[in-house]
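Notes follow once the structure below has been shown.
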Amino acid sequence: GEGDLDVEGVWGRNSPMAAQNGAFYMVITNNTGQDEQLLGAEAEACGTSELHEMYMKENDVMGMRQVPGGIIELPAGESIELKVGGMHVMCIEKQMAFEIGDKIPITLKFANAGEMEVTADIRDSTMEGMDMGG
């Protein structure tokens, strides 16, 4: 809403118990009128959560690393999308299988707004990004 920090479209990839890590994606819109930062995230479903990004290494190889400084900048008036192939919340040492249809609570930690509870819908990751015609 107006004057708020809006977090929408929170979802995660389905992954079996055998997979150690998962990832969450979302769109954060900063309507607060001041610059904000996403400092981190916590989820009981994860041993550790870190803010990561995909980047291009040499030879067109995709790599993954923690975002610089470990925080995601959220400039006033902008929407920042955490998406496949970009920035995301990395769920390390997953404590459970992520089944399609599951709802995973996540606590986001912001510099100014403090903690915000959101819920990630677990989806079939193969359904994402199929229509690149946009």
Report, in whole Å, the centroid distance computed from the Cα atoms of the stretch 88-108 and the stretch 20-63.
13
Under a 1.4 Å probe, what is the accessible area of the stretch 32-134 per residue, stated in Å²?
59
Put +1 on the Cβ of each Lys and Arg and -1 on the Cβ of each Asp and Glu in the stretch 1-95; which of L82, L5, A23 then has its Cα farthest toward the positive end of the dipole?
A23
When the accessible area of the chain is computed with all protein chains present and a 1.4 Å probe, what percentage of it is carbon and sulfur?
47
List the lysines whose Cα sits under 22 Å from the Cα of K94, skipping any in the same chain fewer than 8 residues away.
K83, K103, K109
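Treating only the Cβ of Lys, Arg, Asp and Glu as charged (+1, +1, -1, -1), what charge dipole size does the chain show about its Cα centre? Round to the nearest 20 debye.
440
The values are calculated or read from the model by the stated rules, or taken from the named source; none is laboratory data. Values in this document were obtained by computation on a predicted structure and should not be read as measured data. Reconstructed Cβ throughout: ideal geometry from the backbone, glycine too, with neighbour counts over all protein chains shown. Heavy atoms of the whole protein, side chains included, go into the accessibility calculation; ligands, DNA and RNA do not. Shrake-Rupley method; radii C 1.70, N 1.55, O 1.52, S 1.80 Å.
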